[in-house]
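First up is the structure itself, then whatever we jot down about it.
The values are calculated or read from the model by the stated rules, or taken from the named source; none is laboratory data. From a predicted model like this one, the values you see are computed outputs, not experimental measurements. Note that each Cβ is placed from the backbone with ideal geometry, even for glycine, and that neighbours are counted across all protein chains shown. What goes into the accessible areas is simple: the full protein's heavy atoms, side chains included, and nothing from ligands, DNA or RNA. Shrake-Rupley method; radii C 1.70, N 1.55, O 1.52, S 1.80 Å.
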Amino acid sequence: MNQLDTRLAKLARQGDRAAFAELVELYKEKIYHLAYRMLQNRHEAEEIVQETFLRVYTNLDRFDEEMKFSTWIYRIGTNLCIDRLRKRKVNYSLDAEMGEGEGNDWYSTLPSREETPDQQVLLSETRSQIRDSIETLPEKYKAVVILRYLQDLSLQEISEVLSMPVTTIKTRLHRGREFLRKKLEQVL
């Protein structure tokens with residue numbers, strides 16, 4: 001995939017619109033899921049996808065072919081999400097209700113392994129509490145936890161996306177998990 005990405009990026013850099021369209025097809029869902037998990041808002045996630053590809057298109061000449069394209073595009077998307085979170089932090093409230101259906105789409109698509117309705121309700125409440133707990137993470141831990149556990153990136157890939165040493169990523173991941181553990185002990 002890395003060679004295909006790089007080849008498509010080279011072609012797009014030379015003005016090949018079909019190559020750029022292929023890059024969009026390869027990554028639009030991945031960037032959307034990243035943005036949705038970080039922002040918990042479908043409309044904002046869609047905007048982030050558009051902004052990400054606009055930035056990719058306008059900065060293709062700055063893409064280093066020695067890097068993985070996926071790392072480069074995830075960095076752009078993650079940074080846009082972090083910027084969006086910072087901008088809305090002033091209005092952010094843990095008590096604020098989400099819009100109709102917001103935040104439930106992803107969890108409602110997961111198949112249940114539980115057999116009884118009581119167990120299904122308990123599982124749903126637990127997922128909601130975990131999602132809410134992730135939302136309360138400080139920004140520096142939230143991005144790392146989402147990229148590692150929800151986007152399934154390696155520590156090295158997260159390091160490249162966030163431009164931080166792997167040791168810093170490990171520390172933030174550990175502290176983020178501890179924060180979640182303490183938060184969930186109180187709730188569960």
> Phe179 fails exactly one of the following numbered conditions: (1) open to solvent by 50 Å² or more (accessible area, probe 1.4 Å); (2) under 18 Å from Asn79 (Cα atoms); (3) of a type in the set (Phe, Trp, Tyr). What is the number of that condition?
Replying inline: (2)
> If you go through the range 8-33 one residue at a time, how many are more than 29 Å from Ala143 (Cα to Cα) and without any contact (Cβ under 8 Å) to a residue 24 or more places away in the chain?
Replying inline: 7
> For the range 120-156, which residues satisfy the criterion of being in contact (Cβ under 8 Å) with a residue 60 or more places away in the chain, out of contact with any Lys or Arg (no Cβ under 8 Å at 6 or more places or on another chain) and under 20 Å from Ile73 (Cα atoms)?
Replying inline: Lys142, Ala143, Leu147, Leu153
> Scanning for something part of a helix (DSSP H, G or I), modelled with pLDDT of 85 or more, of a type outside the set (Phe, Trp, Tyr) and surrounded by 15 or more Cβ atoms within 10 Å (Cβ to Cβ), does the range 106-126 turn up at least one residue?
Replying inline: no
>> I'd like to verify a number: residues in the range 19-37 that are open to solvent by 70 Å² or more (accessible area, probe 1.4 Å) and among the aliphatic types (A, V, I, L, M), how many?
In response: 0
>> Return the residues of the range 143-168 that are more than 16 Å from Arg37 (Cβ to Cβ) and surrounded by fewer than 19 Cβ atoms within 10 Å (Cβ to Cβ); say none if nothing qualifies.
In response: Ser154, Leu155, Gln156, Ser163, Met164, Pro165, Val166, Thr167, Thr168
> Restricting the first residue to the range 42-65 and requiring it to be over 17 Å from Tyr32 (Cβ atoms) and part of a helix (DSSP H, G or I), which pairs with a second residue that is open to solvent by 70 Å² or more (accessible area, probe 1.4 Å) and of a type outside the set (Gly, Ala, Ser) meet a Cβ separation below 8 Å and a spacing of at least six or different chains?
Replying inline: Leu60/Arg13; Asp61/Arg13
